[in-house]
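Heads up: the structure comes next, in structure tokens.
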Amino acid sequence: MIALAALLSLSPLLHAQEVGRSLPAATAQVNGTTNAGQRSPVMAATLKGEARIDMSTTRWANRVSRMSPANPRLPEVEAIKQAKWPAKVASFRGGSGEPVMPKAVTPAIGVNMEANWSQVSTPPDNTMAISNGGQIVTCNNDGIELYNANGQFLASTFWPDFFNDPQLNANIYDPKVIYDPQADRFFLTVLHGTTSSNSLLLLCFSKTNNPQDGWWIYYLPGSPLSNGTWFDYPSIGVSNNEVYVSGNLFTDGNNQFQQAILFQITKSGGYNGAANLDWIYWYNLSNQPFAAFTVVPVSGGQANYGPGILLLSGNSPGASSLRLWDLTDDLTGNPALNVYDVSTQQYSPAAPAQMPGNPDELSNGDCRMLSTFFMNGLVHYTFCTDIGGGWNGLRYGRININNLSDQRTNLGQQGTADLCYPALASYSTSNNDPSVMIAFTRSSAQVYPEVRVVNVDASLQWSNSTLVKSGETYVDFLQGAERWGDYTGMARRHNANPPRVWLAACYGSNIQGGLQNTWKTWVAEVGDGGSSSVPEQTQAMAVSVAPNPTVDLFRLTFHIDAFAIYTIEVLDLNGRVVKTLYQDGLTAGDHQLSFNRQALSAGQYVIGIRNGSQPIAHEPLVIH
């Protein structure tokens, strides 16, 4: 491990505040559209209380996971990917998936450690943030963990136990966390429920700059249009005065995409635990030249900006343009939503990925926007694209907002490996330096799913990537195709000089004494190893291993014939409800209930599954 800590000093931000943005008028001459979405009235969310990690309590860790293959939510994307699959598999020749490119600096790994496990859910959906004080928040679909910048474990818990609200009886999933350098606070969003009846956005504002001091909690409806849809795939952002959550609405039962939606929320009240939090939402977003889908807020790369915020989206099935959105004002002003169609190099989804030891396909997603930031007039972005022959590679680009020009570059080589789920952070050493670090995952028929990081310099030159954490095994969590990603987390420590960024990403591993062939998370600090032409870096030694929550999971697999709202409960022998473990919709197929049996006292119980008042199944459970 390189001695990054010895080189690190803390200094003021390069930008006390990001300079204001200046876009052309949204006219036809620049492929612009004004009033590209409808705005709701201002509403208020009431404070629900606070959440904190209590290490002394027994964790329930309750969850219901779908085990059989799900119907695709974007069937047109799945058709493209499957059409490319046979030729891709036949073209495999092995190798790293990257040419040797020594021009940019080679990333070097500093402090690094094992973090979140995937014990009850897949995919991991990694996200992370780090404060100026070195407090690290790393989350996946199972729960939240806290560390300091020395790699010391501080606290962890599962999502149901973090919120500890008996009204939250559906799955809690899809976390997104960001550090607000202006407020010196964290903002976290987690989703609840997969039907319109209980879809919620759980908004969490850290009470102080120490995430162990607790979080103020507000709930927003995940189905604000009351049109039989629910909210999924969140993206979050922060500006001078607000936070933002965007996502996609899907229909009840068949889970088909209906439209994108954006929530605009005042932040000061959230950080202060105000009784009411003002918010609005934007809907009916313009769908020309292609549908608004995963419209990602573009936060400042090293400092906030505003009023309002930029957003960026691509087309999941592929296109030759991107859509740059401009939310022009705070909700306390008179905001409008404009959009520009920005020409770029053609992109399209690749065929699924492979891994050794398991013939199942490994999902590598599509071409939706994955990671962005804004700095010095440039919108930086990254997502995945087919780089030839059905092989997945990385697309990185910069959009100049003054003239809407796009510069971009791809990383990857067909026939070798799939590079997937990138996340980026500013690695600038001056106000005019546009260089970035990009974390990503990689897998092939010869390489277990692993974590890597790469640098792109001011001239759009790629470095050789550095191995962060090698995969230890294949993943076999589901019946059939395996989920991967859907996200990697990456964040800059804003006051670090020279620059330091941190990442959190998934790799294939086994949990000793627990689940085998699952996902674990690796968290790492990334610095500058200097120029190098060496194509592979050896993995740095970890300084600590996280004491993840140890739970004795009870697992019950059951089959559902048709979509309905189901309730799963722990009952005593007199039929009294001890704990409601789940209450939400389940689609047809196989599902698995899991919870920590250590949360129950010794005795005899029954696991009851019902549809309304109609019993579906009863399973005895004895706790010794």
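The values are calculated or read from the model by the stated rules, or taken from the named source; none is laboratory data. The structure displayed is predicted, hence computed values, not measured ones. Every residue, glycine as well, gets a Cβ built from its backbone with ideal geometry; the counts of neighbours run over all protein chains shown. Remember, those area values only see protein heavy atoms, side chains included, never the ligands or the DNA or RNA. Shrake-Rupley method; radii C 1.70, N 1.55, O 1.52, S 1.80 Å.
Over 24 Å apart at the Cα level, from the set Lys176/Lys520; Lys81/Lys176; Lys48/Lys176; Lys84/Lys469; Lys176/Lys469, are Lys81/Lys176; Lys84/Lys469.
Here's the picture: a label point sits 7 Å out from the Cα of Asn209 along the beta-carbon direction, and within segment 295-319 the residues with their amide nitrogen under 17 Å of it are 302-304. Taking every alpha-carbon pair under 8 Å whose residues sit at least 6 apart, segment 336-469 reaches a relative contact order of 19 percent. Multiplying the residue separation of Thr58 and Asp590 by 0.36 nm and removing their Cα-Cα distance gives an extension gain of 188.7 nm.
Computed from backbone phi, the HN-Hα couplings of segment 314-328 come to x, 10, 3, x, x, 5, 10, 8, 10, 10, 9, 9, 10, 8, 7 Hz, rounded to whole numbers (Karplus: 6.51 cos²θ - 1.76 cosθ + 1.60, θ = phi - 60°; Gly and Pro given as x).
For the chain, the spread of Cα positions along the three principal axes, ordered from largest to smallest, is 70, 55, 50 Å. The charge dipole of segment 143-212, taken about its Cα centre with unit charges on the Cβ atoms of Lys, Arg (+1), Asp and Glu (-1) only, comes to about 80 debye. Between the amide H of Trp484 and those of Ser363, distances stay under 5 Å, these residues lying 5 or more places away or on another chain, with hydrogens modeled in the peptide plane. Using square roots of five times the C-alpha gyration tensor eigenvalues, list the equivalent-ellipsoid semi-axes of segment 348-421 in whole Å, biggest first. Semi-axes from the Cα gyration tensor: 29, 11, 9 Å. Placing a pseudo-label 7 Å from each Cα along the Cα-to-Cβ vector at Asn403 and Thr46 gives an inter-label distance of 5.5 nm. For the chain, carbon and sulfur atoms together expose 47% of the accessible surface, with a 1.4 angstrom probe and every protein chain in place. Computed from the C-beta positions of Asn150 and Thr429 and an R0 of 25 Å, the FRET efficiency is 0.55 to the nearest 0.05. The orientation-averaged projected area of the convex hull spanned by the Cα atoms of segment 55-155 comes to 11.6 nm².
With K and R counted +1 and D and E -1, the other residues having a Cβ less than 13 Å from that of Ser68 yield a net charge of -2. Between Thr332 and Ser22, the simple label model (points 7 Å from Cα in the Cβ direction) yields a spacing of 2.6 nm. In this simple spin-label approximation, Arg576 and Ser601 carry label points 7 Å from Cα along the Cα→Cβ vector, and these lie 1.0 nm apart. Over segment 470-516, the fraction of Cα-Cα pairs per 10 Å bin, rounded to whole percents and listed from the shortest bin up, is 20, 37, 25, 15, 3.
Given R₀ = 45 Å, what would the calculated FRET efficiency be for Gln38 paired with Ser268, taking r from the Cβ atoms and rounding to 0.05? Efficiency for this residue pair is about 0.95. Helical content of the chain, expressed as a calculated mean residue ellipticity at 222 nm, amounts to -1000 deg cm²/dmol (DSSP H runs of 4 or more residues, -39,500 (n - 2.57) each, divided by residue number, nearest 500).
Normalising the Debye intensity of segment 445-501 to I(0), with uniform scatterers on Cα atoms only, and taking log10 at q = 0.15, 0.16, 0.25, 0.29 Å⁻¹ returns -0.68, -0.75, -1.19, -1.29.
For segment 274-349, what D do you get in µm² per second when you plug the Kirkwood radius from alpha-carbon pairs into Stokes-Einstein at 4 °C and 1.567 mPa s? It comes out at roughly 93 µm²/s. Each Cα pair under 8 Å and six or more residues apart adds its sequence gap; the mean of these over the residue count of segment 38-158 is a relative contact order of 23 percent. Overall dimensions of segment 401-517, expressed as equivalent-ellipsoid semi-axes from the Cα gyration tensor (√(5λ), whole Å, largest first), are 31, 17, 12.
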